[in-house]
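The values are calculated or read from the model by the stated rules, or taken from the named source; none is laboratory data. What you are looking at is a predicted structure, and each value in this text was computed from that prediction instead of being measured. As a convention, Cβ positions derive from the backbone with ideal geometry for all residues, glycine included, and neighbour counts pool all protein chains shown. All accessible areas refer to the heavy atoms of the entire protein, side chains included, with ligands and DNA or RNA removed. Shrake-Rupley method; radii C 1.70, N 1.55, O 1.52, S 1.80 Å.
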Amino acid sequence: MRPLSGNLDDSLGFLIADSSRYVKRSLYARIAAHGIRGGAWFVLRVLWERDDVTQRELAHRLGLMEPSVQEMLRAMERDGLVTRQRDEQDRRKMRIRLTPRARKLEPVLMRIAADVNALMLTGLDASEEVQLKRLLGKVRSTLAADVEASATVLPEEPVAGARAPRRSTG
């Protein structure tokens, strides 16, 4: 095991987390001009790939707990981006579908995302981009396997645009 230095910029975890924070801030500032909250971005990305999923499927794909996803979906429904309807075969399930407004926003928001990705890669040549993606993919796979193997349920990362879960007072 490699020892950690006292300098945060030598910490791979910090560099990844800090870079992620800046990517989100850059993207969220741009999509906000179209009325999209940060947390809604990831939900839209999943639904643009595969619409008409259950709330549980969506939560699993996002790696979040269902109550957090439920709060995001309520906000997105108020914003006219999704509809939530009971599944006709299993009334316990809630099906999530994109609205025409959300579908119309896809090309606009994907262009914004492409611009942010291009900005991120400024200064890297094509081979460095491929190498960066390959190495980050390896890191993600290793950590995902660790989380999956863990017997402990880890707290989820807060999502921008979602309200904090309510706490019991007693």
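Looking across 132, 124, one residue alone is open to solvent by less than 90 Å² (accessible area, probe 1.4 Å), at pLDDT 95 or above and part of a loop (DSSP other than H, G, I, E, B). It is 124.
Do the conditions hold for residue 164, that is, is it modelled with pLDDT under 95, in a loop (DSSP other than H, G, I, E, B), open to solvent by 60 Å² or more (accessible area, probe 1.4 Å) and under 20 Å from residue 41 (Cα atoms)? I'd like the intermediate steps shown before the answer.
On the way: modelled with pLDDT under 95: yes; in a loop (DSSP other than H, G, I, E, B): yes; open to solvent by 60 Å² or more (accessible area, probe 1.4 Å): yes; under 20 Å from residue 41 (Cα atoms): yes.
Judged against the criteria, residue 164 is a match.
Applying the set (1) exposed (fewer than 11 other Cβ atoms within 10 Å of the Cβ); (2) closer than 18 Å to residue 106 by Cβ; (3) of a type in the set (D, E, K, R) to residue 37 leaves exactly one unmet item: (1).
Looking only at region 13-44, which residues are part of a helix (DSSP H, G or I) and either among the basic types (Lys, Arg) or in contact with an Asp or Glu (Cβ under 8 Å, 6 or more places away or on another chain) (or both)?
As a first pass, look at region 13-44 and keep what is part of a helix (DSSP H, G or I): 13-34, 38-44.
Matches in region 13-44: 15, 21, 24, 25, 30, 40, 44.
Does region 73-100 hold any residues that are in a helix (DSSP H, G or I) and either modelled with pLDDT under 90 or charged (D, E, K, R) (or both), and which are they? Spell out how you get there, then give the answer.
Filtering region 73-100 for residues in a helix (DSSP H, G or I) gives 73-78, 100.
The answer is 74, 77, 78.
Going by the conditions given, is residue 159 open to solvent by less than 100 Å² (accessible area, probe 1.4 Å), in a loop (DSSP other than H, G, I, E, B), at pLDDT below 90 and of a type in the set (Val, Ile, Thr)? So residue 159 passes the test.
Can you name the residue in region 45-72 that is assigned to a helix (DSSP H, G or I) and among the basic types (Lys, Arg) and, of all such residues, is surrounded by the fewest Cβ atoms within 10 Å (Cβ to Cβ)? Step by step, filter region 45-72, then rank; the result is 56. Taking the criterion of being farther than 20 Å from residue 44 by Cβ and surrounded by 14 or more Cβ atoms within 10 Å (Cβ to Cβ), the only residue of region 92-118 that qualifies is 93. Can you confirm whether region 8-31 contains a residue that is open to solvent by 70 Å² or more (accessible area, probe 1.4 Å), in contact (Cβ under 8 Å) with a residue 24 or more places away in the chain and closer than 22 Å to residue 98 by Cα? Within region 8-31, one or more residues are open to solvent by 70 Å² or more (accessible area, probe 1.4 Å), in contact (Cβ under 8 Å) with a residue 24 or more places away in the chain and closer than 22 Å to residue 98 by Cα. For region 1-12, the candidate set comprises residues that are part of a helix (DSSP H, G or I) and of a type outside the set (D, E, K, R); within that set, the residue that is modelled with the highest pLDDT is 12. Summed over region 32-46, residues that are over 12 Å from the mean Cα position of the chain (by Cα) and in contact (Cβ under 8 Å) with a residue 24 or more places away in the chain total 3. Looking only at residues in region 76-91 that are open to solvent by 70 Å² or more (accessible area, probe 1.4 Å) and not charged (D, E, K, R), the one that is farthest from the chain's Cα centre (by Cα) is 89.
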